[in-house]
Each structure stands twice: as structure tokens, then as C-alpha cells.
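Reviewing the structure listed below.
Each reported figure results from applying straightforward, stated rules to the coordinates on display, with no laboratory input. None of the values given here were measured: they were computed from a predicted structure. As a convention, Cβ positions derive from the backbone with ideal geometry for all residues, glycine included, and neighbour counts pool all protein chains shown.
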Amino acid sequence: MPRLVKIATTGEVAPGQKKLVEADGYELLLCNAFGDYYAISPICPHEEGPLQDGSLVGEIVTCPVHGYDFNVRTGECQFDTDFRVATYPVRVEGVDIYVEVP
């Protein structure tokens, strides 16, 4: 059964920023795109590059290794549709940010 886990507060991740977080043993990348929060896997599925070290522009995070870019809302790779990152539902309650993990 999925669990809702607090991972941050809204003041910790400004628009256009991202933060590596942990939720019940899951390492996630929390992204703030235009004031909306998204949680994705922090590992690029192409060659396991660290997405937390890449850039976040709008809803797109780019892997610093080979430039593969992923939509943080959908997980879809903009460069190659064979690749995608896992996404996790996020909920904001007041200033607290929660993620749903399996």
C-alpha cells in the first residue's frame, strides 16, 4: 500500500530549483517547476547520470552526462522516447511537501 512521506517544506526548494531527498528508503529528486512540485528518480536511465547535478529549466531537467532531458511532470525523455524516469505523486499541505512512495 502506498505511503505518504514528508520530504521537505516549500521554503526549501525555490522555483527553478531541485533538491535530493530521501523518503522511506527511496532517493528522489524534488523539483520546483513554476511553483509546482514534482518528485522523480534522481538517476538518468540512459547511463545512470546524477540528475541532481543537471540543470532544471521550466519542467525539464537535463542529465549532465550526455544531455538527455526529462519532463519532471511526466518523466518522459524529450530526446529519446525509449527512456523515462520514474515519477512519484506529490502533495503540498500548507508548507509541507509530501510524496507518495510504494
Obtain the nm distance between the two label points defined at Lys6 and Val95 by a simple spin-label model: each point lies 7 Å from its Cα along the Cα-to-C-beta direction.
1.1
Is the shape of segment 16-72 best called rounded, prolate or oblate, per the rule: a/c under 1.5 gives rounded, else a/b larger than b/c gives prolate, else oblate, with a ≥ b ≥ c the square roots of the Cα gyration tensor eigenvalues?
oblate
Sorted by chain and number, the residues with a modelled amide H under 5 Å from that of Gly49, at a separation of 5 or more or across chains, are Cys44
If you put +1 on each Lys and Arg Cβ and -1 on each Asp and Glu Cβ, how big is the dipole of segment 3-101 around its Cα centre, in Debye rounded to 20?
260
Sorted by Cβ density within 10 Å, fewest first, the residues Tyr26, Tyr37
Tyr26, Tyr37
What translational diffusion coefficient, in µm²/s and rounded to a whole number, does the Stokes-Einstein relation yield for the chain at 10 °C and a viscosity of 1.306 mPa s, taking the hydrodynamic radius as the Kirkwood radius over Cα pairs?
119
